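**Q** The structure's right below; bear with me while I get my questions together.
The values are calculated or read from the model by the stated rules, or taken from the named source; none is laboratory data. Worth saying up front: this structure is predicted, and the values here are computed from it rather than measured. Because the Cβ atoms are built from the backbone with ideal geometry, glycine has one as well, and the counts that use them run over all protein chains shown. The protein model used for the area step is the full one, side chains on, heavy atoms only, and it has no ligands, DNA or RNA in it. Shrake-Rupley method; radii C 1.70, N 1.55, O 1.52, S 1.80 Å.
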Amino acid sequence: MNKETTLVADAGRKTYDLYIAGRRRPANGGQYFDCDNPCTGEVWARVARGTAADVDEAVAAAREALSTWNGLKPSERGKLMLKMAELIDTHAPALAASEVRDNGKLYAEMLPQMRSAADWFRYYAGLADKLEGAVIPTGRPDMLTFTRLEPLGVVALITPWNSPLLLLAHKLPTALAAGNTVVIKPSEFTSASTLEFAELFAQAGFPHGVVNVVTGFGSEAGAALVAHPDVAKVAFTGSEEGGRRINQGAAADFKHVALELGGKSPNIVFEDAQIDAAVVGAIAGIFAASGQTCIAGSRLLLQRSIHDGFVGQLVDLAGQARIGDPMLPETHVGPIATPPQYAKVLEYIAIAKEEGARCVLGGGPYAGSGTSGGRFVLPTIFTGVDNRMRIAREEVFGPVLAIIPFDSEEEAFQIANDTPFGLAAGVWTSDMARALRASERLQAGTVWINTYRTGGCSTPFGGYKHSGLGREGGVEAIKEWVQTKTVWLCGKPDTNQPFVMRH
């Protein structure tokens, strides 16, 4: 159902308020909006509808907390982050269940994501006291020249609905380890888990105001946060169009921007691949999370010599997927998270059929038992796809796979790179020389070889082209949350400078 503003609490629905300066409070306007369960369609929560006035208060709280947060030794900040990681581990089952209720993804996937979020806090806790400047030899006598790495200040984190806490964890611990304070704006479709998560910071002992959450709509709270003059950086994960709007809005004040956007990732299978493993990898690449992931391997490129046999195996295995309640361990495919996204996925399936692609599996809604929410889509596979079709060029963000044949290695690379996106790519081959060539030729921020959808906190992640700006993860990512200051320290007053008036 659509998110509708309500002013009166409904019995049986949980109420979530904003989290600012270490406490919960209603939005200034007193309004709320409803959140429903994608699996059942039941409205289960009402969330505070924040506005520009609430953003002002959250940013002020974060700004006030800056001196306190940076007054701590870096190692002390790291210890607080380690405590936060312990609390995430403890509360992981409840947080995962909250996300399932909010976005319909599988509990079997959400629980490991929560464990992974804790790992991100541990990783950057270890880096908190390792932000080092450098002494620079300049050849100037009596002069010491060095650099300092200093936090940007108050930063804004805008997160999507598909994996709210994991994608928050890709940003938040890095920003905190670098000494920044934070205002988070989650998607209006999945705000509950972020508000529950934020309360753990008080339990961990973080100073009030270091982490704040303002919920609401992008055109209200989100736009106000991006435009706020005291926000130094905006980090966003979401659609290409959303990223474009944020980039344009942030440019007015020359804010730092990090964008992790969409993808149309190629998953390439050569004839020398281990076929059984590649079939499993192709299914995991597109049907995990019901295709609602930016790194989905939504274009499957098959060498023509193996095309028909591979498709047969793929259709047979994917056709066995169990669809239904995402809390059940036996479920493989859950619902589409939001009503607009559900309509979009079905629209793209219709477009693919109109363009002449051949549907060999699925191709429409699913209305079996346990799907009363009405937002389930059958795992869908199209063959006969040309890379110029919309189904091959535009991000569907659903369980829809486009299969494209190729003949030669060169043709595979050409098709793979013929896209405005460049987030990820997969290659399946037993030829390691080809694998190395692929790692060089493919225009993508991540290239997986004989695997797909693997990652971790120690490795950089981000996109080429329209897939975004900046990197998350790894040692290098923390440098995106600081600014460099160069200091020239003269051992004695310098009286021999040009253009100085002398008496």
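**Q** Using bins 10 angstrom wide from zero, how does P(r) for the stretch 185-292 break down, in % of all Cα pairs?
**A** Pair shares across the bins are 12, 30, 27, 18, 11, 2.
**Q** Using +1 at the C-beta of Lys and Arg and -1 at the C-beta of Asp and Glu, which of Gly462, Gly71, Gly398 has the Cα lying farthest in the positive direction of the dipole of the chain?
**A** So the residue furthest toward the plus end is Gly71.
**Q** Points 7 angstrom from Cα along the Cβ direction at Ala367 and Met432: gap in nanometres?
**A** With each label placed 7 Å out from Cα toward Cβ, I get 5.5 nm.
**Q** What percent antiparallel are the DSSP beta bridges of the chain, to the nearest 5? Kindly include the intermediate steps, with their values, before the conclusion.
**A** Working: 30 of 71 bridges.
Beta bridges within the chain, antiparallel portion: roughly 40 percent.
**Q** If contacts are Cα pairs under 8 angstrom and at least 6 residues apart, what is the relative contact order of the chain in percent? Mind dumping the intermediate values first?
**A** Numbers: 1152 pairs, mean separation 87.7, N = 503.
In percent, rounded to a whole number, it is 17.
**Q** Hey, another quick one. Cα-based Rg (one decimal) and Dmax (whole number) for the chain, in Å?
**A** 24.5, 94
**Q** Taking a cut-off of 18 Å between Cα atoms, list the lysines near Lys485, but don't count ones fewer than 8 places away on the same chain.
**A** Partners within reach: Lys130, Lys233, Lys255.
**Q** Between Ala252 and Val280, how many nm apart are label points set 7 Å from Cα along the C-beta direction?
**A** That separation, rounded to one decimal, is 5.2 nm.
**Q** Follow-up question, since we're still on this one. What ranking do 378-385, 71-78 get when scored by the average of other Cβ atoms within 10 Å per residue, highest first? Spell out each step's value before the answer.
**A** Details: 378-385: 23.4, 71-78: 15.4.
Descending mean neighbour count gives 378-385, 71-78.
**Q** Report the accessible area of Arg101, computed with a 1.4 Å probe over the heavy atoms of all protein chains in place, in Å² rounded to the nearest 10.
**A** Counting only protein heavy atoms, the figure is 90 Å².
**Q** Now a separate question. Would you mind calculating the gained length between Gln414 and Glu241 on full extension (0.36 nm times residue separation, minus the Cα-Cα distance), in nm to one decimal? List each step's numbers first, then the result.
**A** Numbers: separation 173, 0.36 × 173 = 62.28 nm, distance 2.54 nm.
Here the answer is 59.7 nm.
**Q** Measure off, as a whole percent, the carbon and sulfur share of the 1.4 Å-probe accessible area of the chain, all protein chains present.
**A** 53 percent
**Q** At Arg358 and Val135, where each label point lies 7 Å from the Cα along Cα→Cβ, what is the point-to-point distance in nanometres?
**A** For Arg358 paired with Val135, the spin-label model returns 7.1 nm.
**Q** Among the GluC sites (Glu not before Pro) in the stretch 280-367, which ones are in a DSSP loop with at most 14 other Cβ atoms within 10 Å of the Cβ? Mind listing them? Walk me through the numbers before you get to the answer.
**A** Details: sites: Glu330, Glu347, Glu354, Glu355; in loops: Glu330, Glu355.
Within the stretch 280-367, the qualifying GluC sites (Glu not before Pro) (loop, at most 14 other Cβ atoms within 10 Å) are Glu330.
**Q** Extension gain Thr484-Glu440, at 0.36 nm per residue separation less the Cα-Cα distance, in nm?
**A** Values: separation 44, 0.36 × 44 = 15.84 nm, distance 3.12 nm.
Residue separation times 0.36 nm, minus the Cα-Cα distance, leaves 12.7 nm.
**Q** Please give the peptides 251-258, 221-228 ranked by average Cβ packing (other Cβ atoms within 10 Å per residue), highest first, as a rough proxy for protection.
**A** Working: 251-258: 15.9, 221-228: 23.1.
Sorting 251-258, 221-228 by mean packing, highest first, produces 221-228, 251-258.
**Q** Quick one: the Cα spread of the stretch 353-430 along its three principal axes, in angstroms, biggest first?
**A** Result for the stretch 353-430: principal-axis Cα extents of 47, 27, 25 Å.
**Q** By per-residue mean of other Cβ atoms within 10 Å, what is the highest-first order of 133-139, 283-289? Present the calculation step by step, with values, prior to reporting the outcome.
**A** Working: 133-139: 10.4, 283-289: 24.0.
Peptide ranking by packing, descending: 283-289, 133-139.
**Q** Assuming R0 = 41 Å, can you tell me the calculated FRET efficiency for the pair Leu317 and Glu76, based on Cβ-Cβ distance, to the nearest 0.05? Mind showing how you got there, number by number?
**A** Details: r = 51 Å, r/R0 = 1.25.
The pair Leu317/Glu76 has a calculated efficiency of 0.20.
**Q** Applying 1/(1 + (r/R0)^6) with R0 = 60 Å to the Cβ-Cβ distance of Leu328 and Thr147, what FRET efficiency is obtained, to the nearest 0.05?
**A** On the way: r = 54 Å, r/R0 = 0.90.
About 0.65, to the nearest 0.05.
**Q** Also, quick follow-up: At 1.4 Å probe size, what's the solvent-accessible area of Ser369? Round to the nearest 10 Å².
**A** Counting only protein heavy atoms, Ser369 exposes about 100 Å² to solvent.
**Q** Sticking with this one: If you place +1 on the Cβ of every Lys and Arg and -1 on the Cβ of every Asp and Glu, how big does the dipole about the Cα centre of the stretch 187-247 come out, in debye to the nearest 20? Kindly include the intermediate steps, with their values, before the conclusion.
**A** Details: 3 positive and 7 negative charges, 41 e Å.
About 200 debye.
**Q** With the other protein chains left in place, how much accessible area per residue, in square angstrom, belongs to the chain at a 1.4 angstrom probe? Please report the intermediate quantities before stating the final value.
**A** Values: 20450 Å² over 503 residues.
On a per-residue basis, the chain sits at 41 Å².
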